[in-house]
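The values are calculated or read from the model by the stated rules, or taken from the named source; none is laboratory data. Keep in mind the model is a prediction, meaning the values are calculated, not measured. FYI the Cβ positions are ideal-geometry reconstructions off the backbone, even for glycines, and counts take in every protein chain you see.
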Amino acid sequence: MNTIKSTFVTDITLTSPVLFLIFNRPETTQQVFSAIRKAKPPRLYVAADGPRSDYPNEDEKCEHSRKIATNVDWDCEVKTLFRDQNLGCRLAVSQAIYWFFEQEPEGIILEDDCLPSQSFFWFCQEMLEYFRNDKAVGVICGFYSNELEYKPSASFFFSRYLRVWGWAGWRRSNEGYDSNINLLIEKQNTWKKDIFSRTDIFLKRYWQDMFEEVGSGKIDTWDIQLQYLLWGKKQQVIVSSKNLVQNIGWAQGAHTLTKDHNHELATSEINFPLTTPDMTERDTRADQVIEKISYQITIFSFLKKLLRKMIR
C-alpha cells in the first residue's frame with residue numbers, strides 16, 4: 001500500500017468549505033454544528049428548506065435550526081440559502097448542492113442528521129486534494145456501515161455505490177445532474193450493461209425499481225439521481241474503510257422515518273497518514289457486502305417483495 005503524507009492532529013487547519021443542509025431539527029442540527037464548529041472550516045454554506053404550512057410549529061423549528069447553524073464564533077465566511085416556501089427533499093437539497101458548487105470548486109457536504117467524527121473533515125480534505133484531477137473519481141464518502149462484516153486493509157476503497165451520509169465532492173461531481181431522473185435516463189439508459197453483469201438479475205431489478213419509484217415521485221429524494229449520474233459518467237466512489245459518520249435523525253424530522261441497521265452506528269477516527277489501496281479497481285468484496293447488508297439485495301428479499309406485489 002502507498003502512504004499519503006499527512007498526520008491527523010487538531011492544529012492542522014481545515015481549508016475545505018462545508019455545505020450544511022438543515023431543515024426542522026434543532027436538536028440534531030446542534031450536534032452536527034458542534035462538530036463543524038470544532039473543525040472550524042473557513043467558509044460555511046448553510047442551506048435550509050422552508051417550513052410546511054400544514055405542520056404545526058414547524059416554522060419555529062426551522063427558524064431555531066437556522067439560528068443554531070449560523071451561530072459562528074470562529075473566523076469563517078458564512079453564506080445562506082434560506083427558503084421561505086417548502087420545496088421538499090428532492091429540490092431543496094439538489095438546488096443547495098448546485099448553489100454550493102457554483103461558488104466552490106470542491107467541498108464537504110453534511111446534512112443535519114449526519115454526525116461526523118473529527119477526522120472525517122480531514123479525510124475528505126485529503127481525498128479532495130489527492131483525487132482532484134482524477135476524473136474517474138466522482139464522490140468521497142465517510143459513511144461505511146459494514147466494518148464488522150468486511151474491513152478493507154487500506155484507509156479507503158473504491159466502490160460503485162454512493163453513500164451520502166457525510167460526503168465530499170468536486171464541481172465535476174454535479175456536472176450533468178438533473179433532479180428529474182427520467183430526463184437522466186432519457187439521455188443515457190445503458191446502466192444495466194455498463195455497471196452490472198448478465199447474471200446480476202436481482203441487482204438490476206433492485207435499481208430498476210428504485211429508479212422507477214423516484215421517477216414516479218413515490219420517493220422524494222435527490223441522491224438516487226446522483227447515483228445514476230455517477231454510473232452514467234463511469235465514475236467511482238471513494239469510501240472510508242472506517243465509519244466516520246453516524247446518522248442520528250431516524251426518529252424525527254423530515255425524510256428518514258424507518259430505522260434500519262445503518263442508523264446510529266458508532267463512529268471512529270481514521271488513522272493518519274492515510275494508506276491507499278494497491279489497485280484502483282473497485283473493491284468487489286466491499287460492494288457485495290454493501291449489497292447484501294446495507295441494501296439487503298438477496299434472493300429472499302426479492303421473493304418477499306414479489307409476494308407482496310402479488311397479494312396486492
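Computed values, structure above
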{"read-out": "Which listed residue is under 25 Å from TRP222 (Cα atoms), touching a Leu at 6+ places or on another chain (Cβ under 8 Å) and either touching a residue at least 40 places away in the same chain (Cβ under 8 Å) or buried (at least 21 other Cβ atoms within 10 Å of the Cβ) (or both), from PRO17, PRO105", "value": "PRO17"}
{"read-out": "Residues satisfying the stated conditions in the stretch 115-130, i.e. surrounded by fewer than 20 Cβ atoms within 10 Å (Cβ to Cβ), farther than 17 Å from ASN247 by Cα and not hydroxyl-bearing (Ser, Thr, Tyr)", "value": "GLU129"}
{"read-out": "Leading residue by the ranking (surrounded by the most Cβ atoms within 10 Å (Cβ to Cβ)) among those in the stretch 203-231 that are farther than 15 Å from LYS187 by Cα and of a type in the set (A, V, I, L, M)", "value": "VAL214"}
{"read-out": "Members of the stretch 23-47 found to be over 18 Å from GLU77 (Cβ atoms), touching a residue at least 40 places away in the same chain (Cβ under 8 Å) and under 20 Å from the mean Cα position of the chain (by Cα), listed by number", "value": "PHE23, ASN24, ARG25, THR28, THR29, GLN31, VAL32, ALA35"}
{"read-out": "Output for the stretch 205-229, where each listed residue is in contact with a helix residue (DSSP H, G or I) (Cβ under 7 Å, 6 or more places away or on another chain) and either hydroxyl-bearing (Ser, Thr, Tyr) or modelled with pLDDT of 95 or more (or both)", "value": "MET210, PHE211, VAL214, GLY215, ILE219, ASP220, THR221, TRP222, ILE224, GLN225, TYR228, LEU229"}
{"read-out": "Inter-residue pairs, beta-carbon under 7 Å, first in contact (Cβ under 8 Å) with a residue 40 or more places away in the chain and in the stretch 63-78, second surrounded by fewer than 16 Cβ atoms within 10 Å (Cβ to Cβ) and of a type in the set (A, V, I, L, M, F, W, C), 6+ apart", "value": "ARG66/PHE82"}
{"read-out": "Selection within the stretch 31-50 - surrounded by fewer than 16 Cβ atoms within 10 Å (Cβ to Cβ) and closer than 16 Å to GLU111 by Cβ", "value": "SER34"}
{"read-out": "Boolean, TRP99 is touching a Cys at 6+ places or on another chain (Cβ under 7 Å), hydrophobic (A, V, I, L, M, F, W, C) and free of Cβ contacts under 8 Å to residues at least 60 places away in the same chain", "value": "no"}
{"read-out": "Unmet criterion (only one of (1) in a loop (DSSP other than H, G, I, E, B); (2) surrounded by fewer than 17 Cβ atoms within 10 Å (Cβ to Cβ); (3) at pLDDT 95 or above) for SER53", "value": "(3)"}
{"read-out": "Top-ranked residue of the stretch 207-222 - restricted to ones that are in a loop (DSSP other than H, G, I, E, B) and not polar (S, T, N, Q), ranked as nearest to the chain's Cα centre (by Cα)", "value": "TRP222"}
{"read-out": "Residue in the stretch 243-286 that is modelled with the lowest pLDDT, counting only those that are aliphatic (A, V, I, L, M) and either surrounded by fewer than 17 Cβ atoms within 10 Å (Cβ to Cβ) or outside any loop (DSSP other than H, G, I, E, B) (or both)", "value": "LEU257"}
{"read-out": "Filter pass, LYS234 being buried (at least 16 other Cβ atoms within 10 Å of the Cβ), at pLDDT 95 or above and either closer than 30 Å to PHE121 by Cβ or of a type in the set (Ser, Thr, Tyr) (or both)", "value": "no"}
{"read-out": "GLY166 vs. criteria on the phi > 0 side of the Ramachandran plot and in contact with a Phe, Trp or Tyr (Cβ under 6 Å, 6 or more places away or on another chain)", "value": "yes"}
{"read-out": "Of residues in the stretch 56-72 being in a loop (DSSP other than H, G, I, E, B) and not polar (S, T, N, Q), the one nearest to the chain's Cα centre (by Cα)", "value": "VAL72"}
{"read-out": "Number of positions in the stretch 146-188 that are touching a helix residue (DSSP H, G or I) at 6+ places or on another chain (Cβ under 7 Å), among the hydroxyl-bearing types (Ser, Thr, Tyr), modelled with pLDDT of 95 or more and in a loop (DSSP other than H, G, I, E, B)", "value": "3"}
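Let's see how each residue does on (1) within 17 Å of the chain's Cα centre (by Cα); (2) aliphatic (A, V, I, L, M); (3) surrounded by 24 or more Cβ atoms within 10 Å (Cβ to Cβ); (4) more than 18 Å from VAL46 (Cβ to Cβ):
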site: LEU91; (1), (2), (3), (4): yes, yes, no, no
site: TYR98; (1), (2), (3), (4): yes, no, no, no
site: ILE109; (1), (2), (3), (4): yes, yes, yes, no
site: ASP113; (1), (2), (3), (4): yes, no, yes, no
site: VAL137; (1), (2), (3), (4): yes, yes, no, yes
site: CYS141; (1), (2), (3), (4): yes, no, yes, yes
